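Undergrad: I have a structure I would like to understand better, so I am pasting it below and will then ask my questions one at a time.
None of the figures in this text is laboratory data; all of them are computed from the coordinates on show. Fair warning: this is a prediction, and the values are worked out from it, not measured in the lab.
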Amino acid sequence: MLATSTLLLLATLAGYALLCAVSPFGDCRKCRGIGYKLTTDRKGRPKRDKPCRRCKGHGKRLRVGRRLHNHSRAVHHAGTR
């Protein structure tokens, strides 16, 4: 039982690492990748509001795993000079 759960955890981590390597940017969770907040006008039609503060209007954010990878590379590079 412990071996199967360990293998499942390692497979999940390997899959996430592969995802971060192939596609380092994911959709912003706040604006869902649109880049701005949607509001409705007086007639109920959707319209653009201000740009998203979290992704600054791009709609994409760096994944957590890729951020950790970049930080670890920077620390290793700074330590091996």
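Undergrad: May I ask for the angle, rounded to the nearest 10°, between helix 64-79 and the longest principal axis of the chain, with both axes built from Cα atoms and the value confined to 0 to 90°?
TA: Helix 64-79 sits at roughly 50 degrees to that axis.
Undergrad: Over all directions, the average projected area of the alpha-carbon convex hull for the chain comes to how many nm²?
TA: Details: hull surface 36.6 nm².
The orientation-averaged projected area of the Cα hull of the chain comes to 9.1 nm².
Undergrad: Taking a ≥ b ≥ c as the square roots of the eigenvalues of the Cα gyration tensor of the range 1-41, is the shape rounded (a/c under 1.5), prolate (a/b larger than b/c) or oblate? Walk me through the numbers on the way to the answer.
TA: On the way: a/c = 8.64, a/b = 2.66, b/c = 3.25.
Oblate.
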